[in-house]
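Notes to accompany the following structure.
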Amino acid sequence: MACASCSTKDGSPKGCKNNGTCGTDSCNKLTVFDWLANMSLPNGEKPFNWVEVRYKNGRKEYYNNTENLTLSIGDIVATQAKAGHDIGMVTLTGELVRVQMKRKNIPENTEEALKIYRKASQKDIDIWSKARDKEEPMKVRARQFAIDLKLHMKISDIEFQGDASKATFYYTAEERVDFRELIKVFAREFRTRIEMKQVGFRQEAARLGGIGSCGRELCCSTWLTDFRSVSTSAARYQQLSLNPQKLAGQCGKLKCCLNYELDTYLDALKSFPKTDTKLYTQKGTAVCQKTDIFKGHLWYAYEGEWMNWHKITTAQANEIIELNKQKKKIASLEEYASDLVEDTKTEFENVVGQDSLTRFDSPKRNNKRRNNRRKGNQGNKNTASNKRATPNKNPNQNNRRKNPKRKPQNSKNAKK
């Protein structure tokens with residue numbers, strides 16, 4: 001998906017070329033579908049007077065439409081700022097704005113509510129677009145200044161205000177950074193008001209975007225708006241290997257997708273006994289070695305016989321635990337494990353309709369055999385012509401050729 005200005009020509013993209021962070025419609029990034037647009041309000045109800053406005057990299061703010069402007073999704077408006085005005089795009093109007101504000105705990109009746117001044121004129125849009133064009137070269141120079149001052153920080157992005165009166169520098173740092181000297185250098189070089197804003201590593205990845213290990217765009221840069229804490233216990237419950245290279249995302253933190261299926265795993269694990277619970281049998285004490293959440297199987301091994309595993313179901317394990325609570329012991333785990341008959345034959349069917357990738361390739365012809373045959377035929381023709389041209393002087397040679405397997409005569413007969 002892309003906006004109208006990002007069409008391709010001769011195989012190369014046109015437009016902003018910002019890879020999903022453009023200033024027009026952000027390539028459908030964090031956009032909202034107004035499913036109440038075709039519904040009319042009841043009689044006597046006034047439309048909700050707040051509007052959602054989006055800025056660069058999915059930053060959204062909510063403004064009060066005090067001028068009662070007729071706004072629709074996609075309109076570029078001039079909004080109130082702390083100093084001057086800003087330029088943004090309307091992404092949502094109507095009753096859904098009320099739902100979004102309620103979800104984000106934004107009060108409606110406040111004196112500090114920001115307002116929408118007007119629809120942006122062509123002059124406002126020109127100043128805004130020129131300021132946006134300056135951001136990328138400024139970011140390169142700002143990073144070089146930070147390196148020269150030996151500051152342990154990374155400037156990830158720069159955002160100009162709509163009237164080009166202020167530039168906000170977003171940076172990430174693991175420790176506290178004293179950037180007072182850096183602000184002086186920025187103000188002297190860039191000739192504008194400077195604001196430094198620290199963001200987390202996940203917020204940085206959401207602003208910059210990218211492709212995850214799954215092959216799709218990052219969730220935080222497309223649809224994910226809130227970041228929940230992710231712990232290593234989520235990987236343990238899902239029986240994933242605790243490999244930091246595989247569990248970490250592009251932000252360097254644990255992947256947010258580890259929480260997506262965690263609730264399903266926790267519901268499935270309710271029927272499983274605890275792994276530290278031992279099974280007491282007459283043959284010995286068994287300890288859990290492995291669990292299969294999808295099939296509902298557990299593997300137990302006797303103490304001292306760690307190489308021999310016995311597979312049982314969760315129902316059988318719970319039954320043995322209940323008997324152990326009643327101070328009863330079963331004979332052995334083999335009685336339960338023998339009931340599980342595995343079908344090792346797996347038949348794979350082509351249910352999706354996928355065929356071999358080389359089904360249209362023409363088979364390679366063996367030209368070597370043809371060349372050998374041609375050479376052999378030419379050799380036979382030459383020998384045949386030689387035989388016709390030169391008669392055999394020695395008749396015994398023909399007999400030898402006709403009978404190659406003739407036994408050699410004894411040496412005594414040969415002398416006689």
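The values are calculated or read from the model by the stated rules, or taken from the named source; none is laboratory data. Predicted model only: the values in this text are computed from it and were never measured. We place every Cβ from the backbone using ideal geometry, glycine too, and count neighbours over all the protein chains shown. Calculation scope for accessible area: heavy atoms of the full protein, side chains included, ligands and nucleic acids excluded. Shrake-Rupley method; radii C 1.70, N 1.55, O 1.52, S 1.80 Å.
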Between a first residue in segment 266-284 that is of a type in the set (Phe, Trp, Tyr) and a second residue that is in a loop (DSSP other than H, G, I, E, B), which pairs have beta carbons less than 7 Å apart while being 6 or more apart in sequence or on different chains?
Tyr280/Lys329
Identify the residue in segment 295-317 that is surrounded by 14 or more Cβ atoms within 10 Å (Cβ to Cβ) and farther than 14 Å from Glu334 by Cα and, among all such residues, is farthest from the chain's Cα centre (by Cα).
Thr314
Return the residues of segment 137-159 that are within 14 Å of Phe190 (Cα to Cα) and either out of contact with any strand residue (DSSP E or B) (no Cβ under 8 Å at 6 or more places or on another chain) or touching a residue at least 60 places away in the same chain (Cβ under 8 Å) (or both); say none if nothing qualifies.
Pro137, Val140, Arg141, Gln144, Phe145, Glu159
Any residue in segment 288-302 that is polar (S, T, N, Q) sitting within a Cβ distance under 6 Å of a residue that is open to solvent by 20 Å² or more (accessible area, probe 1.4 Å)? List the pairs, counting only those 6 or more apart or interchain.
Gln289/Trp299; Gln289/Trp309
Tally time: how many residues in segment 255-288 are open to solvent by 70 Å² or more (accessible area, probe 1.4 Å) and outside any helix (DSSP H, G or I)?
10
Any idea how many residues of segment 71-104 are over 34 Å from the mean Cα position of the chain (by Cα), open to solvent by 40 Å² or more (accessible area, probe 1.4 Å) and of a type in the set (A, V, I, L, M)?
1
What's the number of the condition Lys278 fails, among (1) touching a helix residue (DSSP H, G or I) at 6+ places or on another chain (Cβ under 8 Å); (2) modelled with pLDDT of 90 or more?
(1)
Name the one entry in Ala131, Ala142 that is of a type in the set (Gly, Ala, Ser), part of a helix (DSSP H, G or I) and either open to solvent by 90 Å² or more (accessible area, probe 1.4 Å) or in contact with a Leu (Cβ under 9 Å, 6 or more places away or on another chain) (or both).
Ala142
Of everything in segment 107-117 that's touching a strand residue (DSSP E or B) at 6+ places or on another chain (Cβ under 6 Å) and modelled with pLDDT under 90, which residue is farthest from Leu71 (Cα to Cα)?
Ala113
Residue count, segment 69-103, condition among the charged types (D, E, K, R) and either in a strand (DSSP E or B) or touching a residue at least 40 places away in the same chain (Cβ under 8 Å) (or both), comes to 4
State whether the residues of segment 77-85 include one that is of a type outside the set (D, E, K, R), within 23 Å of Lys123 (Cα to Cα) and in contact with a Ser or Thr (Cβ under 6 Å, 6 or more places away or on another chain).
yes
Condition set surrounded by 11 or more Cβ atoms within 10 Å (Cβ to Cβ), more than 22 Å from Cys219 (Cβ to Cβ) and out of contact with any helix residue (DSSP H, G or I) (no Cβ under 7 Å at 6 or more places or on another chain), scope segment 24-46, selection modelled with the highest pLDDT: answer is Leu41
Every residue in segment 47-68 that is among the basic types (Lys, Arg) and either outside any strand (DSSP E or B) or modelled with pLDDT under 85 (or both), please.
Lys56, Arg59
Verdict on Thr168 being assigned to a strand (DSSP E or B) and either open to solvent by 50 Å² or more (accessible area, probe 1.4 Å) or in contact with a Lys or Arg (Cβ under 7 Å, 6 or more places away or on another chain) (or both)
yes
Which of the helices (runs of 4 or more DSSP H) found entirely inside segment 180-240 contain at least 2 residues meeting this: out of contact with any helix residue (DSSP H, G or I) (no Cβ under 9 Å at 6 or more places or on another chain), open to solvent by 70 Å² or more (accessible area, probe 1.4 Å) and farther than 18 Å from Glu261 by Cβ?
180-190
Take the conditions modelled with pLDDT under 70, among the charged types (D, E, K, R) and touching a helix residue (DSSP H, G or I) at 6+ places or on another chain (Cβ under 7 Å) and apply them to Lys9. Does it pass?
no
One residue is enough: does segment 82-98 have a residue meeting the conditions touching a Gly at 6+ places or on another chain (Cβ under 7 Å) and more than 18 Å from Glu159 (Cβ to Cβ)?
yes
Could you please let me know if Ala120 is modelled with pLDDT under 90 and open to solvent by less than 40 Å² (accessible area, probe 1.4 Å)?
no
Kindly establish whether Asn64 is farther than 23 Å from Cys220 by Cα and open to solvent by 40 Å² or more (accessible area, probe 1.4 Å).
no
